[in-house]
Amino acid sequence: MLSFQNPSALWLLTTLAVPVILHLLHRQKLQTIVFPTTRFLRLAQIPRDGRQKLNNILLLILRMATMTAVILLIAKPIYTKRIKLLDEDDKTAVIVLDTSASMATQDYLVQAKNNAKDTAKSLKNWKLAAVIADNAGNLFTTPSTNHDEALKLINDAKYSYLHGKHRKPIEKALALLGNASTKSLILISDFQYGDWAEKLEIVPDNVKLELKPTTPKQPRNNVAITQVDSRELGNQKIQSIVTLRNFTPTTQSRTVTVTTPGNTPQQAKVTLNPHALARTAFVFDKHSNDGEAKATIDQDDYPIDDQIHFWTIGFPPLKALIVAENENDEQLIYLEKAFNATAEQAQAAFDTKIASVDTLDDDIIQTQNIIAILSCATELDNTTWPKLKAFLENGGLLIVTPGDSPATDLATLKNAGWDIAQANAIAKPIAKNASLGIAPLDQNSPLAQIFKDHEKHDLFTFPIRKHARLKNHTNTTTLLKSLDNLPLAIQYRHKQGNIVFFAFAFDRSWSDFPLTNSFLPLIRELVAALVPQNQGKKRFPCGQVIQDKNGNLIDTTKPSLAKLDDLYIEITPDYTESSIDTINLDDARKLLIAGDQSVASIDDDPAQPKQFHKLCAFLAIAFFAAELIVSAYSDKARRRQKITKTT
């Protein structure tokens, strides 16, 4: 059956009358020849109908054929082989019900089920099937005019704790539509952005696609417990730091309750700024080495992430080594205080040691988690740098501050194999009593969460008297930058480890940074972001495939705890489902509908349309070329005839 993708273009066929009219109006111009006498000329009668004969019929036909081919090219003709169906009026619809974790929001799943029931009522005399979007598409019914089985499957559906992956369920639904003459695919979901942002392009044009979204009863609010970190404090005490995240654009308050083995539950109230993180700490008596604990908050619109299971395991303090030229170095004093200070909401404790340039050996280096080289990189001998490279490859963090010549310090690092940046000069304030400052942090910076409100922190107000004018390379990340947009702290990743190079030293001749209230939390947050912690414990989102050494699968379908040999595992909610952002339905439709790709493997329809736009383009070119040849031949013949007459 022939059809057109742009049938309105067929109106252009009326323009085929134009070349016919032009040929009819064409007249051969009469040439006046001056004769000295007409005595010897005989009169000839020209037939009246001879004036209306078409001039060069072949040229007219080729021009009309060229125009026809171009018009058909615009109209895009397609041919679909009509196959004989058992029922030419067969109408089939498939409802795909989203049951990903985000459908636990408010009463979304109840809305979705009611929506499915109302849709089924409007599909009388249709065959109906249902598919539950459980990531695999294994829960489904076959199409039937009796809708009871499909509605029962939908009614019994429950939301999962898994991130939504909809390709396989939709492919199953398309396969169920089969060779029906009329096909309808109905997707019922909250259309949460994280679930539907993937470009699928699998729904063919011959399937009617309906998107039926759930709607919130009131503006949604969601605060999640994202992680709990525990550490030993000594005297049989365990500290647990609970991290919360606000996913909403408004300020939220929550009461956090932590329950640990053998202890009375403890509570604390936390206020979170819009889209911000907050932490609160709890201290408990240690009753077992591997106690199972739980943290909860007040239930909100999305209850799945309102609780988390965690291990109250006290991990050893992080080992930090500070290297300076002498023990009276001002930087050493400030950094040692930062590591040793007791911070209630800090994510890690530190075991700090001090070393000189001469006392560094391999045994000391390889047992550390953090090494700070304070303005003495050029003093290290050549045998030390390979040891530091091995330290980084094992996941260590190397903090470097510049000396009197930052360019020489960076050249030393480059010789060791780390081309981090270039230092062109020392930047100083232009005015005598002026100072330089730090610009607001980029939102992708690991420090952005604790210093998000820059007006409330002295990190952005302390004076910088001088700093190295750095030009970092593309393989680095800027952690801090000046108001002049110059890098002040850059991160360079080497395999499993990281190097952080500051553009100023931690002493008062460079800046007042060590005197600020922001110095301690910045150093600790930097360590928390860049040093692997909680060795022996790992977190996985729900749905992650985990096997023991015998190949047995660990149940990760919901939040829980597990233990594999000496590894403690925490199964947490998938926090991509915690976002309240939804995708625009028009954008979702574009991501779902197939482009030029074939969908035969999906709906198994042998009647695939054949497109003829390439053939039309070829014919248009061929006819136009033939027209040029005929026109040239005709002109040549006319000139030859004219020459003959003249002769």
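Read-outs throughout are calculated quantities, based only on the coordinates presented, and are distinct from any laboratory measurement. Since the model is a prediction, treat every value here as computed from it, not as a measurement. Reconstructed Cβ throughout: ideal geometry from the backbone, glycine too, with neighbour counts over all protein chains shown.
Structural remarks
- In a fully extended conformation the segment linking ASP90 and LYS319 would gain 75.3 nm over its present Cα-Cα distance, using 0.36 nm per residue.
- FRET efficiency, ASN221 to ILE621 (Cβ-Cβ, R0 51 Å, nearest 0.05): 0.20
- Value at 222 nm in deg cm²/dmol, rounded to 500, when DSSP H runs of n ≥ 4 in the chain each add -39,500 (n - 2.57): -7500 deg cm²/dmol
- Simple spin-label estimate for ASN146 and ASP581 in nanometres, 7 Å along Cα-Cβ: 4.7
- Global geometry of region 481-559, whether rounded, prolate or oblate, following the gyration tensor of its Cα atoms and the 1.5 cut on a/c: prolate
- The gain in end-to-end length when the LYS124 to THR14 segment is fully stretched comes to 35.2 nm, 0.36 nm per residue minus the alpha carbon separation.
- Estimated FRET transfer efficiency (ILE554, ASP381; beta-carbon r; R0 51 Å; 0.05): 0.55
- Taking every lysine pair in region 163-305 that is 8 or more places apart or spans two chains, those with Cα atoms closer than 18 Å amount to 12.
- From the coordinates shown, P(r) over Cα pairs in 10 Å bins from 0, in percent corresponds to which of [x] 3, 13, 18, 20, 18, 13, 9, 4, 1, 0; [y] 3, 11, 15, 15, 14, 11, 10, 8, 5, 4, 2, 1, 1, 0, 0; [z] 3, 14, 23, 24, 18, 11, 5, 2, 1, 0, 0: [y]
- Label sites at GLN236 and ILE593, each approximated as a point 7 angstrom past Cα along Cα to Cβ, lie 7.0 nm apart.
- Relative contact order of the chain, pairs being alpha-carbon contacts under 8 Å that are 6 or more residues apart, as %: 15
- Helix 57-75 and the longest principal axis of the C-alpha atoms of the chain enclose an angle of approximately 30°.
- Simple spin-label estimate for ASP512 and ALA175 in nanometres, 7 Å along Cα-Cβ: 7.0
- Legend: calculated FRET efficiency, ILE546 to ASN6, from the Cβ-Cβ distance at R0 = 56 Å, rounded to 0.05, equals 0.60.
- With 0.36 nm allotted per residue and the present C-alpha distance subtracted, the HIS275-GLU455 stretch has 63.1 nm of extension available.
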